[in-house]
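Notes follow the structure.
Quick note: the coordinates plus some simple rules give every number you see, no bench work behind them. Remember, predicted model here, so these are calculated numbers, not experimental data. Neighbour counts run over all protein chains shown; Cβ positions are idealised from the backbone, glycine included.
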Amino acid sequence: MIAFLHPWFLVGLVAAAVPLILHLRQHREPPTVPFPAVRYLLDATQQHEKRLRLRHLLLLLVRTLLIVAVVLAAAAPSAPVRGVATHPPTALVIVLDNSLSSGAVAGGTPRIEVLRRTVRDALARATPSDALWLLTVDGIPRRGSPEELRSVVDTLTPTGSRLDLGGALAIAQEVVRGDHRPGGVMVVTDLQATAVTPAAVEVPVLVVAATDPAVQNVGLEAIELGSQPWGIDGARVVIRAAGDPGLRVPAQVRVGDRPARQALVAAGAPATLSLPAARPGWHEVAAELDADELRSDDRRVSGVRVAPVAAVRWGGVGRFVEAALATLRDNGRVREGNEVVVGELGGASAVVLPPAEPARLGALNRALEQRGVPWRYGVMVEVPSVTDSGSWLGRHEVTRRYALVPAGSGRTGVLATVGGAPWMVRAGSVVLLGSRLEPEWTGLPYSAAFLPFIDALVNRIARSEVVVADAAVGAPTLVPDVVTEVRQGAATWSVEGGAGFRPPAPGVYWLLAGRDTVGALSAAGDPRESLLAAAPASVVEGLWGARVVEPAAGPAAAFSLAARADLRGAFLWLAVVCGLAELVVAAWGGRIGRH
Amino acid sequence: MVRTERLDLLDPADVARLGGLEVTTEGVVEGFLTGLHRSPRRGFSVEFAEHRMYQPGDELRYIDWKLLGRNDRLYVKQYEEETNLRAMMVCDVSASMAWQGDPARLTKLEYARRLVAALGMILLRQRDATGLVAFDEGVRAILPARARQAQWRQLAITLDGLVPGQGTAAEPALRRVLGLLRRRGLVVFVSDLLLDRELALKALRFLRHRGHQVLVLHLMDPAEVELSGPAEARFEDPETREAVVLRPRDWAEAYQATVTGVVSAWRRECRRRGIGYARITTDTPFGVALRGALVHGARLT
């Protein structure tokens, strides 16, 4: 693509219209001159008119071309060139795709090894005047000398994360444009079709695609654990696979140290397995496929809590909550007892709903104070709003609520909010809701999420569980504010309540509040990484305007991205040729006359 | 103010500024005859008769040098005086003759008037009967050939009274001349030749066939020889209203080539038929033009 150092000179292209305007002006009615010898003029024109008209058109053409060539030369055009032995100082961002899929073994060699070797060879061609960056899955461009970046490359391994190539290109492009040197982006990748996303690219891009030989793969997409906590008599799980269709792969699932269950799975054909009973407590549920060329997506682990169903007592909670609890009782999800009290402040754990009569609010706040709960019911808010989507709730309409006001020094234990204001909070074994669960207060009772919410409320929230959630490897995940520590095996990470945590690798991360385990994060690779089919080069060229080469040609092409030929000389020569042509054509007019 | 004794060598426009036709013509003719260094009686009305052997005392200028070169003998030419020549001058007064390419120059008609007057004076001084026919689309004026002294004045009055006409048709005028010249005579055809060449040549050839000496004086304005004008113009023929739009700069050379071709064609056709031809531009001094007429007119040598 031709670029211009002084593009404002291109305004001068307007001048190219001058010869055309002059040519058109010739067709205006000229002044009349009496001339007796018109017969001689007619004789002359009849002989030479065609040649003269051709001469006029040629003159118009060469004069227009002359102006265009001079203007373009003034704008200092340049164009990319290939295959140059040396290169000018260049700003080059190397995007090395060490996503999960780069761990695939193709033809006996891990893809990542091919990608690393390509980058090392490219770095070997760099000169001290080049500016180099390395961008990997973490999305952070690292600047360094060729030696520094080479040492980084040597230690890079496939991660469990996905690399969005379009997003990486956008970052790399900003880096290149921030440098005064001409440059471009070199993407070294297995070119997974699922990673190729659109990007507005305005710098030269070279894609080095390691796509041969093709690799077939099936990986675990998800483990669906059903309602938690699991009962002590076992549960059923569903495992889903992603990858090349038609391949059926043996899979096994185990909970804790209990015997595994096995089944065959295929992409798009989930398998359901019944797992045996386990002891109450927190357990790992591990699903695993038989080994193939990409091992990283063959295992998936999640966390599950096994506990007897909650013993619940309720009263004065409204007909919808009563109906839900009765249904749960009838289905064995709760039993009657005093472990959790719903509607009033009492028992070991309590789910407190605001009273239907405002007059009783003062007594309730005093009871909360006596129990040591650092939250109070405040003023009635009757502004229609919705709950903010979170771990426990999606978005539901809330038309009436009491403001929940922290009575202590901090605002902790918030489980759900409405427009950013606390709506469901927990302090120790007490859970407060800002609205009664009735249609006059919220649309939640009419929704399909109501029964699962009541189940979670009594079985999990009221019993101090904060969250069991999925997380992406390397992506920041907000942990609840009661969590003080994250643990995986022997490794622990101290976290500020409410701060983000990046799972460094696939696996289960237990969330601890003090010494109690209150939740789990299940980190796994992005299931799109299991789809190893490569994007066609034509798609990449169309999306990014990139040049696609094989790994063997990549290092040589890396620095030719910035090599541009100065076209000023060519355009000046064109102007000279046009000038000479103008002289020749004009002289030809003289010859026409002499014929 | 022009100061010279030779009016025949002045610019024609300057001559015209000195006075009317009658006043200036005599000066032009006197100057012209002085320049010839010959007796006017030997100039236009004297014809070669025979050779005789050279005898001491003969004037050397009458020795026939060509004969000397061939035979190595000295002969002198003997002439006999002829006083009964009848000359008719045929003058074109069409609209195209009233044109001038530059206001500082004479129109072709004004130039033709003076040239014809000068020729007439020279012929009449030789006591040749001289007449005039003027034409445009038809015959506009006729002055029968006479040798009397008042003839030149009549000629001058007739020339002064000529006004530009419309189109050009030379053939009727030339045929009319046939009736006016019953004996062998001289026909001087003065025109810009912007006419039907074939018809005119046919009439001239007929005159020649009848034994008349014919001289064609082709008048052109210098602007008709070399094309010039504004960057682009619509050139319109004042006679036919035919027009063409072009840029003179582009067509100058092609036009000049065409004019050269036309002049060459006239010269070639006239020579083939024994007709004298001279091209004269209106910035040519009258003396030079008259000398041209002498050179090309066999009867006038």
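Here are some notes:
- Here the Karplus relation 6.51 cos²θ - 1.76 cosθ + 1.60, evaluated at θ = phi - 60°, turns the backbone of the stretch A:517-524 into coupling constants of 7, 10, x, 8, 10, 9, 9, 8 Hz, with x for every Gly and Pro.
- Length gained when the stretch A:His23-A:Glu397 is fully extended (0.36 nm per residue, less Cα-Cα span): 127.3 nm
- Distance between the pseudo-spin-label points of A:Gln262 and A:Glu336 (7 Å out from Cα toward the beta carbon): 4.7 nm.
- Overall dimensions of the stretch A:303-413, expressed as equivalent-ellipsoid semi-axes from the Cα gyration tensor (√(5λ), whole Å, largest first), are 25, 18, 16.
- When peptides A:47-54, A:400-407 are sorted by average Cβ neighbour count within 10 Å, with the highest value leading, the order is A:400-407, A:47-54.
- Look at the stretch B:243-250: the mean tally of other chain Cβ atoms within 10 Å of its residues' Cβ atoms is 6.
- Rounded to the nearest 500, the 222 nm mean residue ellipticity of chain A from helices alone is -8500 deg cm²/dmol, with -39,500 (n - 2.57) taken per DSSP H run of at least 4 residues.
- Peptide ranges B:199-206, A:141-148, B:157-164 listed from the most packed, as the mean C-beta count within 10 angstrom indicates: B:199-206, B:157-164, A:141-148
- With the alpha-carbon atoms of the stretch A:106-262 aligned to their principal axes, the span from lowest to highest coordinate is 68, 34, 28 Å, starting with the largest.
- Signed unit charges on C-beta, dipole axis of the stretch A:221-346, positive-most listed residue A:Phe320, A:Gly246, A:Ser296: A:Phe320
- With K and R counted +1 and D and E -1, the other residues having a Cβ less than 13 Å from that of A:Leu345 yield a net charge of +3.
- With the highest mean first, a sort of the peptides A:111-118, A:133-140, B:213-220 on other beta-carbon atoms found within 10 angstrom per residue produces B:213-220, A:111-118, A:133-140.
- Model label points for A:Ser389 and B:Leu74, set 7 angstrom from Cα along the Cα-to-Cβ axis, are 13.8 nm apart.
- Space enclosed by the convex hull of the alpha-carbon atoms of chain B, per residue, Å³: 151 Å³
- By DSSP, the beta bridges lying fully in chain A are antiparallel in about 65 percent of cases.
- Placing R0 at 56 angstrom, the Cβ-Cβ distance between A:Ser145 and A:Ala323 gives a FRET efficiency of 0.20 after rounding to 0.05.
- Its Cα gyration tensor gives the protein assembly as shown an equivalent ellipsoid, and the semi-axes of that ellipsoid, as √(5λ) in whole Å with the largest first, are 124, 33, 22.
- Gain on full stretching of the segment that runs from A:Trp573 to A:Ala552 - 0.36 nm per residue minus C-alpha separation: 3.8 nm
- Placing one equal scatterer on every Cα of the stretch A:363-465 and applying the Debye formula, the log10 ratio I(q)/I(0) at q = 0.10, 0.13, 0.16, 0.17 Å⁻¹ is -0.25, -0.44, -0.67, -0.76.
- The eigenvalues of the Cα gyration tensor, multiplied by 5 and square-rooted, give the stretch A:1-149 an equivalent ellipsoid with semi-axes of 66, 17, 14 Å from largest to smallest.
- For the stretch A:481-493, 3J(HN,Hα) per residue [Karplus equation, 6.51 cos²θ - 1.76 cosθ + 1.60, θ = phi - 60°, Hz, x = Gly/Pro]: 6, 7, 6, 10, 8, 10, 9, 9, x, 8, 7, 9, 10
- Under-5 Å amide H pairs with A:Ala513, H placed in peptide plane, nonlocal only: A:Thr484, A:Val518
- Kirkwood Rh in Å, taken over all unlike Cα pairs in the stretch B:96-226: 15.2 Å
- Placed amide H near B:Val216: partners under 5 Å, 5+ positions off or other chain: B:Phe189, B:Gly276, B:Tyr277, B:Ala278
- Projecting label points 7 angstrom from Cα along Cα→Cβ for B:Arg148 and A:Leu247 puts them 13.6 nm apart.
- Taking every residue in B:219-226 and counting other chain Cβ atoms within 10 Å of its Cβ, the average works out to 2.
- Take the Cβ atoms of B:Arg197 and B:Asp11, set R0 to 45 Å, and the FRET efficiency comes out at 0.90.
- Averaged over A:45-54, number of beta-carbon atoms from partner chains that fall within 10 Å: 3
- Two-site FRET efficiency, A:Glu113 against A:Ala277, from Cβ-Cβ distance with R₀ of 56 Å, rounded to 0.05: 0.80
- The stretch A:465-498 residues near the modelled A:Ala348 label - backbone nitrogen below 18 Å, point 7 Å along Cα→Cβ: A:465-466
- 3J(HN,Hα) along the stretch B:131-140: x, 9, 10, 10, 8, 10, 6, x, 7, 9 Hz, from the Karplus curve 6.51 cos²θ - 1.76 cosθ + 1.60 with θ = phi - 60°, whole Hz, x for Gly and Pro.
- Dipole orientation for the protein assembly as shown: of the candidates A:Trp493, A:Val548, A:Val373, A:Val548 has the Cα lying most toward the positive pole (charges on Cβ; Lys, Arg +1; Asp, Glu -1).
- Under-5 Å amide H pairs with A:Asp470, H placed in peptide plane, nonlocal only: A:Ser522
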